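Each value in this text was obtained by applying a stated rule to the coordinates, not by laboratory testing. Not measured: the values here are computed from a predicted model. With ideal geometry, Cβ positions are generated from the backbone for all residues, glycine too; neighbour counts draw on all protein chains shown.
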Amino acid sequence: MERSGGELAKRVGVAAVGIPITLVLGYMGGYWLAALVAVFAGVAAWEFCGMYRVHGVPSSAVVAGTLAVAYVLIAASTTPGSFAVWATILTLGVATVVMLRTPPELGPGQAVVTTIFGAAYTGVLLSYVVWLRAFDTAPGIRGAAIVFLPVAVTWLGDSAAYFTGKAIGRHKLAPVISPKKTWEGAIGGFVVTAGTALLYVELTRPLVGWTMSTAAILGLGAVVAVAGQLGDLVESRFKRDCGVKDSSKLLPGHGGALDRVDSLLFVMPTAYAYLRLVAA
């Protein structure tokens, strides 16, 4: 019990520091928010490659982390269309350097694939946070309310899935990948995510001026719920592949940066695409 209480205290302590910083930078938007996202993307990419290096797969955590940061900063400086051009050029250049500088006995091909994938998995996917916030480029509540919509409903849905699964979970969702996850928990998380999306939009409607119908809002909650659970399962697959419980011990009580954003890696592109199509 003492150990459990200590872990809870650590989690609360990290959240007490991290949440206000995230809210303030989300309010500011622009390069302020991009800096926070870039740090998380870089650290998460570094953790990803670190997991696989321990597992014996060659990769460069430093290169992956730097490239992930670059992806986010490019996203903050250009449009999604231009981003594709600059990111492609940068990726080809980095991949070529890694291939040429990795000794043959260390597996240049594996090094390139793991390094580049680690950077894109975190940096490119988290770049959608920047583009989602850019729905309203000015500092203020409106832009913050837009970008925090998928964040809030995902984290509440994750909590609902955890507690529902713990209380009534009986049927394993993906026993090989994540033995503790259950179908009951997944359904509970799905329902809460969809319902929370409706509540969130109604509460922030005076600030944002949402024009989505009730059906469209529930649809957003539904796709975010599915994307979040898939993102969580994908990261769990990577960790199980490497034989680790957490991506790192960076955040006391929370694991690593990758553990904190695993669901959002899939949620942010999904939410961005949905809002572009439905709310445009």
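Which links in 180/239; 172/249; 181/239 stretch past 22 Å when you go from one Cα to the other? Violating the 22 Å Cα-Cα cut-off are 172/249.
Computed on the chain, with alpha-carbon pairs under 8 angstrom and 6+ residues apart, the relative contact order is 21 percent. Rounded to the nearest 20 debye, the dipole magnitude of the chain is 280 debye, with +1 charges on Lys and Arg beta carbons, -1 on Asp and Glu beta carbons, and the Cα centre as origin. For the chain, hydrophobic long helices are taken as DSSP H runs at least 27 Å long by C-alpha position along their axis with mean Kyte-Doolittle hydropathy of -1.0 or more; these are 2-28, 30-54, 80-101, 141-168, 183-208, 214-242, 257-278. Farthest toward the dipole's positive end in the chain, which of 82, 72, 236, given Cβ charges of +1 (Lys, Arg) and -1 (Asp, Glu) about the Cα centre? After comparing all options, I get 236. Our helix-only sum for the chain, with -39,500 (n - 2.57) per DSSP H run of n ≥ 4 divided by its residues, gives a mean residue ellipticity at 222 nm of -27000 deg cm²/dmol. Tell me whether the range 85-188 comes out rounded, prolate or oblate; compute the Cα gyration tensor, take square roots of the eigenvalues as a ≥ b ≥ c, and use a/c under 1.5 as the rounded threshold. In terms of gyration-tensor shape, oblate.
Rounded if a/c is under 1.5, else prolate if a/b is larger than b/c, else oblate: which is the range 173-222, with a ≥ b ≥ c the root eigenvalues of its Cα gyration tensor? It is prolate, given that a/c is not under 1.5 and a/b is the larger ratio. The charge dipole of the range 126-248, taken about its Cα centre with unit charges on the Cβ atoms of Lys, Arg (+1), Asp and Glu (-1) only, comes to about 320 debye.
Residues considered: 219, 140, 56. Largest GNM mean-square fluctuation over the chain, using C-alpha springs under 10 Å, is found at 56. With springs only between Cα atoms under 10 Å, which of 125, 264, 251 fluctuates most in a Gaussian network model of the chain? Comparing 125, 264, 251 in a Gaussian network model of the chain, the most mobile one is 251. Close amide-amide hydrogen proximity is noted between residue 181 and 173, 174, each under 5 Å apart and 5 or more residues distant or on a separate chain (H modeled in the peptide plane; Pro and chain starts excluded).
Its relative contact order, with pairs defined as Cα atoms under 8 Å and 6+ residues apart, puts the range 135-280 at 23 percent. Positive-end ranking of 196, 177, 162 along the dipole of the range 147-202, with charges on Cβ about the Cα centre, is headed by 177. Taking the chain as a Gaussian network of alpha-carbon nodes connected by springs under 10 Å, the highest mean-square fluctuation of the residues 260, 170, 53 belongs to 170.
Spatial offset of the range 249-270 relative to the range 50-64 amounts to 18 Å, using the alpha carbon center of each. When only alpha carbons are used to place a centre, the range 76-121 and the range 137-200 end up 32 Å from one another.
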